[in-house]
Amino acid sequence: MTFAAPERAPRTFDVIGVIGLGTMGAGIAEVFARHGFSVVGAEVNQEAVERGRAHLTNSTGRAVARGKMSEEQQAEILARISFVTDLGGLSEADFVVEAVVESLELKKDLFRRLDDVVKPDAILATNTSSLSVTEISTSNSRPGRVVGLHFFNPAPVQNLVEIIRTVVTEPDVLADVEGLVGTLGKNPVVCGDKAGFIANTLLFGYLNHAVSMFEGRYATREDIDAAMRFGCGYPMGPLALLDLIGLDTAYEILETMYRQGRDRLHAPAPILKQMVTAGLLGRKSGRGFYTYERADSSTMVVDDQTPSVEDQPQFQRPIGTVGVVGTGTMASGIVEVFAKSGLEVVYVGRSAAKVESVRATIEKSLDKAIQRGRLEESAKTEVLARVSGSTSLDDLGQVDLVVEAIAEDLRIKTTLFENLDEICKPGAILATTTSSLPVIALAKATRRPQDVVGMHFFNPAPVMKLVEVVSTVATGEDVAQTVRALCHQIGKVAVSCGDRAGFIVNALLFPYLNDAVKMLEAHYATADDIDTAMKQGCALPMGPFELLDVVGNDVALAIQRELYLEFREPGFAPAPLLEHLVTAGYLGRKTQRGFRDHSRR
């Protein structure tokens, strides 16, 4: 005979203790006070208390100025917060969270001292972003009541809170903290105790990779940042984000993650240490990867790396007529983009039906733009008049530029470039939209490798602003500059890079996605929690698993394999789970099942 365990009543939390009232601690105190809790803020002395009080007054004052709360509400919130300079003032707290400096010894000493202060059933939390919660917890006589509670800055605004469980965290403690975070209007995600937790582990690997790309002079800081903003819709480029975070903070987080996990991808790029040593910490010091108006300013100013007006690309070869080879979604979009910008376009397909489908696709796209008020009816007629389709490559003989957008198959593309080399006039530029194949292999198939360049549009081409202009070792500077000038003419943002796997965007994006798969594979956190962490903690437009299901797991695996073969970096090896999903045919939305089952949605 079995008996069900009696249902446990969740703890009640009335008094919240917050230790450390810097920017983060004051923000945490404000969050609790806003939701009706009595808060006791603890600091080392009265001067620190006054600084904390000022943080709270200024933060709530900004909310009043923006019309997000009334002066009466501000007064009520501030009245709920009291201040002490002795830990003994936390004796009645039901929950205590510390937000002191990131020093393991300091935090351990704090949790040791709290043993003699707080009630036996009080829960203790650390807001550490990178230190071991387990190690901190063992300083307390009851490590099972200790959790990590990682708020994101600014705490009153950011909705994500990472709850970190250790191997000894008591289940009821974890459940009660989840409930508590929910009452704050925050979204809790639960993960294990590993340096970096969810968001920082995935974010800082990506940031470190971007630094290495810059350090190796593969692309400029402006092009790396623009690539991720316009190619992925990220709110900030990686180097500008590092300046905001602080290079010293980034270095410490990476160093902590590397020491714990020994993942080479988390070993701080050497230039980071050099910049920190030189005092180039980012916005806080007035200079980091970029230069700012003054310390703590967000306004960038011109420095010796800023491109000058004279550096703006100019047409070195005339471009009046463009050819496009292909009839798929990308090819149709590229034809539309060129025609809208006033260029004459000849596109080539394998059959009359495919040629006609391109025109139908463009007409449908233009009609949608007209319905939304983005295009005049007369403009549609003008655009279509500039477009002509053909089933013969010979009709590309007099165009100034050919862009191929056919299947990602090196053999097929090579054959096409051999034909284009024979057909196109001398001086015509031959461009490929490949996202993963070596451009030089296509250039080698011609007798004019200096005229061959990568022109990687992003899908859908009429909407996405970015074009990666990829130069091989043989590409003429006049060709690369002409293509960049053309991108500007058609309303795109051009970034320049060399001919290596992934170019800028895919080389930064797919290792991050692969790391997310490894995290899921290790049962560290759920797909939903990982997606939530990256969307709400890092303000990304999509979580990694949402994005993988849209891109297609087969596409992601192919790109990751190319990156691994090119760089031979062990951390770039495709996650086994990704390979298994592809083998099973779980490719994402296109097969109705990937990391999630889309047939039920």
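The range 139-206 and the range 335-391 have Cα centres lying 52 Å from one another. Over all other residues within a Cβ to Cβ distance under 10 Å of R34, the charged ones net out to -1, with Lys and Arg as +1 and Asp and Glu as -1.
Work out the FRET efficiency for T583 and Q305 from their Cβ-Cβ distance, taking R0 = 51 Å, and round it to the nearest 0.05. That pair, T583 with Q305, gives E of 0.65. Projecting the Cα atoms of V555, L203, L87 onto the dipole axis of the chain, where Lys and Arg carry +1 and Asp and Glu carry -1 at the beta carbon, places V555 farthest toward the positive end.
Computed in the context of the full set of protein chains, the accessible area of the chain at 1.4 Å probe radius has 51% of its extent on carbon or sulfur. Dipole check for the range 355-483: with +1 at the C-beta of Lys and Arg, -1 at the C-beta of Asp and Glu, and the Cα centre as origin, the magnitude is about 320 Debye. Within the range 281-386, DSSP assigns beta bridges of which about 45% are antiparallel (rounded to the nearest 5). Considering only beta bridges that DSSP places wholly inside the chain, some 20 percent are antiparallel.
Charged neighbours of D367, selected by a Cβ distance under 15 Å, balance to +2 (K, R count +1; D, E count -1). Projecting label points 7 angstrom from Cα along Cα→Cβ for R294 and T12 puts them 5.1 nm apart. Placing unit charges on the Cβ atoms of the charged side chains and taking the dipole of the chain about its Cα centre, the candidate lying farthest along the positive direction among M455, G192, Y251 is M455. Could you list the residues of the range 582-601 with an amide nitrogen less than 13 Å from a label point located 7 Å from the Cα of E178 in the Cα-to-C-beta direction? No residue qualifies, since no backbone N sits under 13 Å from the label point. The packing ranking of peptides 429-438, 66-75, highest mean first, is 429-438, 66-75, where packing means the average number of other beta carbon atoms within 10 angstrom of each residue. With a Förster radius of 60 Å applied to the C-beta separation of A353 and L78, the computed FRET efficiency comes to 0.25. Extension gain, T23-R262: 0.36 nm per intervening residue step, less the Cα-Cα distance, totals 82.9 nm.
When you count the other C-beta atoms within 10 angstrom of each residue and take the mean per peptide, 558-565, 196-203, 45-52 line up highest first as 196-203, 558-565, 45-52. Here's the picture: charge each Lys and Arg Cβ at +1 and each Asp and Glu Cβ at -1 in the range 418-492, and of C424, V483, T472 the one pushed furthest to the positive end of that dipole is V483. Between the entries (1) 32.7; (2) 27.8; (3) 48.0, the label attached to mean projected area of the Cα convex hull in nm² calculated for this structure is (1).
Can you tell me the accessible area per residue over the chain, all protein chains present, probe 1.4 angstrom, in square angstrom?
44
Overall, the range 131-237 carries a charge dipole of about 60 debye about its Cα centre when +1 sits on the Cβ of Lys and Arg and -1 on the Cβ of Asp and Glu, all other atoms neutral.
With a Förster radius of 35 Å, plug the Cβ-Cβ distance of S599 and A407 into 1/(1 + (r/R0)^6) and report the FRET value to the nearest 0.05.
Numbers: r = 28 Å, r/R0 = 0.79.
For R0 = 35 Å, the calculated efficiency reads 0.80.
Each of the peptides 19-30, 441-452 was scored by the mean count of other Cβ atoms within 10 Å over its residues; in descending order, highest first, they stand as 19-30, 441-452. Cross-link pairs exceeding 28 Å between alpha carbons, from the set K340/K535; K68/K186; K413/K492: K340/K535. Full extension of the segment from D528 to S91, taken as 0.36 nm per residue of separation minus the current Cα-Cα distance, would add 153.6 nm.
Fully extending the segment from Q274 to T138, taken as 0.36 nm per residue of separation minus the present Cα-Cα distance, adds 45.4 nm.
Dipole check for the chain: with +1 at the C-beta of Lys and Arg, -1 at the C-beta of Asp and Glu, and the Cα centre as origin, the magnitude is about 840 Debye.
The values are calculated or read from the model by the stated rules, or taken from the named source; none is laboratory data. Keep in mind that what you see is a predicted model, and the values were worked out from it rather than measured. Neighbour counts run over all protein chains shown; Cβ positions are idealised from the backbone, glycine included. With ligands, DNA and RNA removed, areas are computed over all heavy atoms of the protein, side chains included. Shrake-Rupley method; radii C 1.70, N 1.55, O 1.52, S 1.80 Å.
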